[in-house]
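Engineer: Take this structure first; my questions come after.
The values are calculated or read from the model by the stated rules, or taken from the named source; none is laboratory data. Nothing here was measured: the structure is a model prediction, and the numbers come from that model. Cβ placement follows ideal geometry from the backbone for every residue including glycine, while neighbour counts extend to all protein chains displayed. Please note that ligands, DNA and RNA were not included when accessible areas were found on the heavy atoms of the full protein model with its side chains. Shrake-Rupley method; radii C 1.70, N 1.55, O 1.52, S 1.80 Å.
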Amino acid sequence: MTLEWRPMRPDDIEAVTAVARLSFPNHFEDRACFENRLALYPRGCFVLADGDGSARGYLIAYPWKTDSAPPLNTVVEGLPAEATLIYLHDLALHPEARGGGVTGAIVERLAAQAVEDDWPAIALVAVNDAVGFWSRHGFVEQPAEAMAAKLASYGPDARYMLRAL
C-alpha cells in the first residue's frame, strides 16, 4: 500500500470521521463538522490514502481569525470576512498509518499553499501533548489569555500555537 496525500472528497467523510474517532476520543467531532469544513474551504482539506482508497488520515485547515478557534464539534455558518491566517483544525492518522513520517509532507504542503495565497501564518490548538510535534514543524506556543476558557474546553494540555510564514 502506498499512502499519499490528496484533496478530500465528500465520499471520504465516513473514513475521516472514523479516523477522528480513533485519534481524538476526548475531542470527537461528528460527521457534520467535517462535511461543513470541506464545503467551506475544500482547498484546505486533504486525506492520506492509497489512491482512491479509504482515507487513513486527514488534514483540515481554513481561513480564520488570529487568537481565536472555532468551538469544538460545531458547524460554522461561514468563514470570517476578517480572516487573518489559516487555522489548522485537525491533523490525524489512523493508528496503522502512524510512524512513517507522512505528516511533514502535508504540513509543508499546507504552508506552501498558504504562502501562495498570501496568508502570513498558520495557527492551531495543540492537544494530546502534541506541542513537541508541532514545534518540530515550526509552530511556536503563543500566549492566549483571551482564549483561556476556549482552550480549557480542549483539555488541560491544550496550547494555541502559530507558525509564521
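Engineer: Using a 1.4 angstrom probe, figure out how much accessible area the chain has per residue, in square angstrom, rounded to the nearest whole.
Structural biologist: 48 Å²
Engineer: Considering only Gly138, Phe24, Ser153, whose Cα is most displaced toward the positive end of the charge dipole of the chain, charges sitting on Cβ of Lys, Arg (+1) and Asp, Glu (-1)?
Structural biologist: Gly138
Engineer: Where does each of Leu40, Leu85 land when they are ordered by accessible area, with a 1.4 Å probe and the largest first?
Structural biologist: Leu40, Leu85
Engineer: Then there's this: About the Cα centre of region 6-165, how large is the charge dipole given +1 on each Lys and Arg Cβ and -1 on each Asp and Glu Cβ? Please answer in debye to the nearest 20.
Structural biologist: Here the size comes out at about 200 debye.
Engineer: Relative to the first principal axis of the alpha-carbon coordinates of the chain, what is the inclination of helix 31-40, with its axis defined by its Cα atoms, in degrees from 0 to 90 and to the nearest 10?
Structural biologist: Helix 31-40 and the main axis of the chain meet at about 80 degrees.
Engineer: Let me ask you something else. Treating the angle as unsigned and between 0 and 90°, give the value, to the nearest 10°, between the Cα long axis of helix 13-23 and the longest Cα principal axis of the chain.
Structural biologist: Long axis of 13-23 versus the principal axis of the chain: about 60 degrees.
Engineer: Follow-up question, since we're still on this one. Assign one of three labels to region 84-165, namely rounded, prolate or oblate, based on the Cα gyration tensor with a ≥ b ≥ c the square roots of its eigenvalues; rounded applies when a/c is under 1.5, prolate when it is not and a/b is larger than b/c, and oblate otherwise.
Structural biologist: oblate
Engineer: In degrees between 0 and 90, to the nearest 10, how far off the longest principal axis of the chain does helix 103-116 point, with axes built from Cα atoms?
Structural biologist: Here the helix axis deviates by roughly 60 degrees.
Engineer: Need one word for region 26-124: rounded, prolate or oblate. Basis is the Cα gyration tensor (sqrt eigenvalues a ≥ b ≥ c); a/c below 1.5 gives rounded, then a/b vs b/c decides.
Structural biologist: oblate
Engineer: Another question, if that's okay. If the only charges are +1 at each Lys and Arg Cβ and -1 at each Asp and Glu Cβ, what is the size of the charge dipole of region 101-165 around the Cα centre, to the nearest 20 debye?
Structural biologist: 140 debye
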